[in-house]
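Undergrad: There's a structure below that I have some questions on.
Every read-out reported here was derived from the displayed coordinates using simple, explicitly stated rules and does not represent laboratory data. This structure is a prediction, so every number in the text was calculated from the model and none was measured. Glycine gets a Cβ as well: all are built from the backbone with ideal geometry, and neighbour counts include every protein chain shown.
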Amino acid sequence: MPQIKDISLAPSGRRKIEWARRNMPLLSGLEEEFSRLRPFDGIRVALSVHLEAKTACLCQVLAAGGAEMWITGSNPLSTQDDVAAALAARGLEVFAWYNCTAKEYESHIRAVLAPGPNIIIDDGGDLVETMRREYPQLLPGVIGGCEETTTGILRLAALERAGQLPFPMIRVNDADCKHLFDNRYGTGQSVFDGINRTTNLIVAGKTVVVAGYGWCGKGVAMRAKGLGARVIVTEIDPVKAIEAIMDGFDVMPMVQAAALGDCFITVTGCNDVITKEHFPLMRDGALLANAGHFNVEINVEELASIAVEAAEQRKNIMGYKLPGGGWVYLLAEGRLVNLAAGDGHPAEIMDMSFAIQALSARWLAEHRHETFPGKLLAVPKEIDREVALRELNYLGRRIDKLSAEQHKYLYG
C-alpha cells in the first residue's frame, strides 16, 4: 500500500502535473513513443528523485512504457503531498510525504527497494547505498541505474574505486544536455526563485557569496549578477577560481568573504563550507542558503550552538542571534533552497534532464544482457544528441549539417 499524506489531495496534484506536462514536450513525445513500444514491460523501477510535478511526469512516462513504478522522494522537504497523492491515485506505488523525519525517509527508501528493482533511478545516491548495504540478496536482479546529481556521482565513483559498486550506473548528470542546462540555467533561476519568494527581499545592490564554481555555482553567480548583485566566489580549485575571475567575479577565501556578504549560497557538494569560524564574522541580517544536494554545507548544528537566541522569522526562515548581537537567517533548514522553499528547476529545463533519464533507462533495458568493463557509465553520445535535436525541433530551430566533403576533411 502506498504511504502518502492524503489521497484527497490528488486533484490539486493532477493540475500541477498537467501544467508541467504541457511545458515538457520532450517527455510528452517520449510518453507517446513508450506507450507504443513498451520498452519496460516486466521491469520494476525504483525511483528516488525530488517528488514534485516534473518528476511525476517522468514517472508517468516510464509507467506508460510498461514499468512498474515504486517511487519516493530524495529530500524530506521537497516532496509535494498533492503530487504524491496524484501518482498514488493513478495506481503507482508512492512512499513519501513532506517534512518526513529521518527515520521515515529511510523507511520510504526501503519500501521502494524491498520488492526488488530491476532499474534504479537515483538522485544523490541513497537508493544505491541502501540497496548495496541492506538488500544484497536482491542485487542479481538489478540491470543497472541512472544517477541525476554531481553529489551522487561522487558517491558512486568512490564505490567504484573501492570495488563496491554492484551494478552499472549511468552518469546522467555528466551528459551535456543535463549539466550544461539543468545545472547552470536551472539552478541559477530556481535558487533565486526560492530565495526571493521566501524572503521577499531585493537582490540588486547586495553582495552575494557563491561557494563553489562548478556548473551549478556558475549558474547561481550568473543569475545573481543579472539581478544586480555584486558577486564573490569562494573555491578550492585554482582553475575554477581563475575562471570565476575571468567571468568578472571577485574570488577569496570564505573567511574573508564572510564579513562582506549579504547573502551566502553554498553549491559545493561538500560538508562544513560555512561553520562557526565564519558565522561571527557575518553582517547583521545575512542570509544563508544551500543549493547543494545534502544539508551539510552550512553547519547548522554549530550555528545553533553559538547562537544566544533562535526564532522563526517566517515560513522557511529561521533566525539566529549571535553573541555580538547581529542576526543571521537560515533558509529552508539549510536544505536545497530551490526545492525546499520553491518548485525547483523550470519545467522546460527538467524536460531535457528527464528525457536523458528516460532514454538512459530505456538503453539499460535494451542492453540488459550485456556486461560492461566499468560499472560507472557515460550517457551514450547518441542519447545526448537525440535530446538536443528533439529540443531544437520543439524550439523551431534548425542547424547546418556537414557535407560529405566537410566530413571527410574533418574526420578523414
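Undergrad: Can you check what the Kirkwood hydrodynamic radius comes to for region 258-301, Cα pairs only, in Å to one decimal?
TA: After inverting the pairwise mean of 1/r, the radius is 10.5 Å.
Undergrad: Another question about this same structure. So what does the Cα-only Debye profile of region 12-110 read at q = 0.12, 0.18 Å⁻¹, as log10 I(q)/I(0), no solvent term?
TA: -0.36, -0.79
Undergrad: Ok, one more. What does the convex hull of the Cα atoms of region 296-412 come to per residue, in Å³, rounded to a whole number?
TA: Numbers: hull volume 28.8 nm³, N = 117.
Taking only Cα atoms, region 296-412 has a hull volume of 246 Å³ per residue.
Undergrad: Pull out the extension gain between Phe372 and Glu32, defined as 0.36 nm times the separation in residues minus the alpha carbon to alpha carbon distance; nm, one decimal.
TA: Details: separation 340, 0.36 × 340 = 122.40 nm, distance 3.04 nm.
The Phe372-Glu32 span can extend by a further 119.4 nm.
Undergrad: Tally Lys and Arg at +1 and Asp and Glu at -1 over the other residues with C-beta under 9 Å from the C-beta of Cys57: what net charge comes out?
TA: Details: positive: Arg21, Lys54; negative: Glu31, Asp351.
Net of charged neighbours comes to 0.
Undergrad: Treating region 43-85 as a set of equal point scatterers at the Cα positions, no solvent, please give the Debye-formula log₁₀ I(q)/I(0) at q = 0.22 Å⁻¹.
TA: The Debye formula, applied to the Cα set alone, gives -0.66.
Undergrad: Which peptide among 360-369, 139-148 comes first, and what is the full order, when sorted by highest mean count of other Cβ atoms within 10 Å? Don't skip to the answer; put the middle values down first.
TA: Numbers: 360-369: 18.8, 139-148: 21.1.
Ranked from most to least packed, the peptides come out as 139-148, 360-369.
Undergrad: Before rounding to the nearest 500, sum -39500 (n - 2.57) across all DSSP H runs of length at least 4 in the chain and divide by the residue total; then give [θ] at 222 nm in deg cm²/dmol. Don't skip to the answer; put the middle values down first.
TA: Numbers: 16 runs with 172 residues, N = 412.
Calculated mean residue ellipticity at 222 nm is -12500 deg cm²/dmol.
Undergrad: In the chain, how does Rg compare with the Kirkwood Rh, expressed as the Rg/Rh ratio over alpha carbon atoms? Could you put the intermediate results ahead of the total?
TA: Numbers: Rg = 21.7 Å, Rh = 22.1 Å.
A ratio of 0.98.
Undergrad: Which value, in debye to the nearest 20, gives the size of the charge dipole of the chain about its Cα centre, when Lys and Arg are +1 and Asp and Glu are -1 at the Cβ?
TA: Numbers: 43 positive and 51 negative charges, 123 e Å.
So the dipole magnitude of the chain works out to roughly 580 debye.
Undergrad: Measuring from label point to label point, each 7 Å out along Cα→Cβ, what is the Tyr411 to Leu139 span in nm?
TA: Spacing of the two 7 Å Cα→Cβ label points: 3.9 nm.
Undergrad: Give, in nm to one decimal, the length gained when the segment between Lys321 and Arg15 is fully stretched (0.36 nm per residue of separation minus the Cα-Cα distance). Intermediate values should be presented prior to the final figure.
TA: Working: separation 306, 0.36 × 306 = 110.16 nm, distance 4.12 nm.
Result: 106.0 nm gained on full extension.
Undergrad: Kyte-Doolittle cut-off 0.0, length cut-off 20 Å along the helix's own axis using Cα: show which whole DSSP H helices in the chain pass. Numbers along the way, then the final one.
TA: Numbers: long enough: 347-366 (27 Å, 0.56); 381-395 (21 Å, -0.65).
Going by DSSP H runs, the hits are 347-366.
Undergrad: Take every DSSP beta bridge whose two residues both sit in the chain, then give the antiparallel share in percent to the nearest 5. The partial results should precede the final answer.
TA: Values: 10 of 51 bridges.
Antiparallel bridges make up about 20 percent of those DSSP assigns within the chain.
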